[in-house]
Structures are given as structure tokens and as C-alpha cells.
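**Q** My questions will all concern the structure given below.
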Amino acid sequence: MKITYISHMGFMVDFNGTKLLFDPFITGNPKPGPIKSEDLSPDWILASHGHGDHIADVEPIAKRTGAKVISNYEITNWFGAKGVDGHPLNHGGKADFDFGTVKYVNAIHTSGLPDGSYGGNPGGFVIWKDGSCFYFAGDTALTRDMELIPMTCPKLDFAILPIGDNFTMGYEDAVIASDMVQCDVIIGCHYDTFPYIEIDTEKAKKAFADRGKTLLLPALGETIDL
Ligand code: NI
Ligand code: MN
């Protein structure tokens, strides 16, 4: 799998040839990185929750490319009213797509939409097909619900977790989260974009290394192969 870090919690994952875009936040991002919204041509866009730092570029990219949005019911309806098609999920539900299975899993956070609309509850995604599987946590606190993931989904190849603290779990809790989801390869995100979430990345890497795990922190715009 090729995983490109766009910025903040934005990733493009090439999943067996299907391009899955997660939480694009380029417009208004103080550290947007080298990848522009116009550079992205996803097949699907997955939005974890309604906050602007996760959905800012969903509508323009979807309208330009025809990509459909996968998110919770309230958010897909909100985009639907803007003329963007989607597939609604809700917590604990999974659905089969041509590229694989997507399960919408619990997150502890909030999810108001930028115009004040109700965005439902926030979530994360587990995506799998043919022995490949990964977890995209979205914004979340550490929660015991993460222990359900290895009970209900295939073994994870990697997990994308927030590590920036303040608005989500910090890296110390993310180490525990990686234990709960039974995964030793973690891609960190949602850090250093704003002053509130600036962290010491060397300490973060050491916290995972001390637990025998790998914390990958790709540069903005960098692609890694897992
Ligand atoms: Ni958020
Ligand atoms: Mn956020």
C-alpha cells in the first residue's frame, strides 16, 4: 500500500489500485504542505467527522473528480445537499465496496459541521480486502472501544493515529491505543499544524520505540510504502 501524507490528518492511500482520500484539509491550513487540492484525484473521499480541519477540501475535490464521500449519515446528507454523492455509514456498521470493506468505528470527540449543522458523532474507519487492513482513527481520545477492532476486523497492517494532544489523544495515549488495536506500525498525524498541537516528535518516536513499536512520521507530501 502506498500512503501519501498530505497534511494534518489528510492522507491519500492507494489501496490495491483504488485511491482513497482521507480528511483533506488544505484550504485554510497554516501548514498545507506541497500537495494542492487540484493535485488530488481520488476515487473515494472518506471523512471521519464534521470539523473543518477534516473536510475543508471535500466539496471542491468531489465536484471536480466525481469522487463520492463515505462518512456518517449526517455528514453524507450535508454534502448531499451541496450536490456531492455519498455512501452513509453509522457506528459499528460496515459495507462492501468494489475496493474492499469499510467499517465505521467509534471515536470519542465532537463533530459539528462548519456552518453549525449537526454532524452526528465522529468516527474512524477500518478498511480491508484480501489480507490487507488498516485503521484510520480520525480525531479521538484513547477509548476502550479500540479493543473491539482486533475482535471484529482482520489483523491491521498499520494504524493512522492522532498524536498531537490537546484536541485528541497525545502520543503517550496513542502508544496504549496501538496496544489496544494490536498494531506495531503507527503513522502519526494531527500534530504541529497549530500551536495548540505542537509536540516533541523525538519524544513521540521514543515512546513508541520503548514499547517495541515503530512511529512513522512522513514529511508533508511524502509517500511511504507499507
Ligand atoms: Ni476534530
Ligand atoms: Mn481535528
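Readers should treat all values here as calculations from the given coordinates under stated rules, not as data from a laboratory. All values reported here derive from a predicted model rather than from experimental measurement. As a convention, Cβ positions derive from the backbone with ideal geometry for all residues, glycine included, and neighbour counts pool all protein chains shown.
**Q** Diagonalise the Cα gyration tensor of segment 35-89 and give the resulting equivalent ellipsoid semi-axes, square root of 5 times each eigenvalue, largest first, whole Å.
**A** 17, 12, 9
**Q** Something else about it: Compute the signed sum of charges (Lys and Arg +1, Asp and Glu -1) over the other residues within less than 11 Å, Cβ to Cβ, of F194.
**A** With Lys, Arg at +1 and Asp, Glu at -1, the net is -2.
**Q** When the C-alpha atoms of the chain are aligned to their principal axes, what extent does each axis show, in angstrom, from largest down?
**A** The Cα atoms of the chain stretch 48, 37, 32 Å along the principal axes, largest first.
**Q** Apply the Karplus parameterisation 6.51 cos²θ - 1.76 cosθ + 1.60, with θ equal to phi minus 60°, to every residue of segment 33-50 and state each ³J(HN,Hα) to the nearest whole Hz, in sequence, with x for glycine and proline.
**A** Karplus values, whole Hz, x for Gly and Pro: x, x, 8, 8, 3, 5, 6, 9, 10, x, 8, 9, 10, 10, 10, 6, 6, x.
**Q** On the Cα set of segment 1-76, report Rg and Dmax in Å, please.
**A** In Å, with Rg to one decimal and Dmax whole: 11.2, 32.
**Q** Between beta-carbons, use under 15 Å as the cut-off and find the net charge around G17, counting Lys and Arg +1, Asp and Glu -1.
**A** On the way: positive: K2, K19, K129; negative: D14, D43, D98, D130, D225.
Here the count lands on -2.
**Q** Mark the label point 7 Å from the Cα of L217 along Cα→Cβ and return the residues of segment 27-67 whose backbone N is within less than 15 Å of it.
**A** No residue passes the distance filter.
**Q** Taking the chain as a Gaussian network, Cα atoms linked when under 10 Å apart, which of M151, M169, M12 shows the biggest mean-square fluctuation?
**A** Of M151, M169, M12, the most mobile in the Gaussian network model is M151.
**Q** Calculate one ³J(HN,Hα) per residue across segment 141-146 by plugging θ = phi - 60° into the Karplus curve 6.51 cos²θ - 1.76 cosθ + 1.60, and present them in order as whole Hz with x for glycine and proline.
**A** Result, ordered by residue: 6, 5, 8, 4, 4, 4 Hz.
**Q** Moving to a separate point now. Below 15 angstrom from the Cβ of D179, what's the summed charge of the other residues (Lys, Arg +1; Asp, Glu -1)?
**A** Value of the local net charge: -2.
**Q** Label-point separation (nm) for A209 and K2, each offset 7 Å from Cα along Cα-to-Cβ?
**A** A separation of 2.9 nm, rounded to one decimal place.
**Q** Under a point-charge model restricted to the Cβ atoms of Lys and Arg (+1) and Asp and Glu (-1), what is the dipole moment magnitude of the chain relative to its Cα centre, in debye to the nearest 20? Mind dumping the intermediate values first?
**A** On the way: 18 positive and 30 negative charges, 61 e Å.
Here the chain has a charge dipole of around 300 debye.
**Q** Okay, which of segment 138-178 sit inside 17 Å, backbone N to the point 7 Å along the Cα-Cβ direction of I224?
**A** From segment 138-178, the list is 138, 156-164, 171-172, 174-178.
**Q** Across segment 97-104, in residue order, what do the Karplus-derived ³J(HN,Hα) couplings come to in whole Hz, using 6.51 cos²θ - 1.76 cosθ + 1.60 with θ = phi - 60° and x for Gly and Pro?
**A** Result, ordered by residue: 10, 4, 8, x, 9, 10, 10, 8 Hz.
**Q** Roughly how compact is segment 71-133, stated as its Cα Rg over 2.2 N^0.38 Å to two decimals?
**A** Details: Rg = 12.7 Å, N = 63, 2.2 N^0.38 = 10.6 Å.
That works out to 1.19 for segment 71-133.
**Q** Now for a separate question. Among K36/K213; K68/K203; K155/K205; K155/K203; K129/K203; K63/K205, which pairs are too far apart, with a Cα-Cα distance over 30 Å?
**A** K36/K213; K68/K203; K129/K203; K63/K205, as the Cα separations exceed 30 Å there.
**Q** Right, something else. Express in whole angstrom the spacing between the alpha-carbon centres of segment 199-218 and segment 36-65.
**A** 29 Å
**Q** While we're looking at this one, here's another question. Could you let me know the centre-to-centre spacing of segment 120-168 and segment 76-119, using Cα atoms, in angstrom?
**A** About 15 Å separates the Cα centre of segment 120-168 from the one of segment 76-119.
**Q** Sequence-distant or interchain residues sharing an amide H contact under 5 Å with G221, placed H: which?
**A** Correct list: Y5, I6.
**Q** Quick one: what Rg and Dmax do you get for segment 140-226 from the alpha carbons, in Å?
**A** In order Rg, Dmax, the Cα atoms of segment 140-226 give 12.5, 37 Å.
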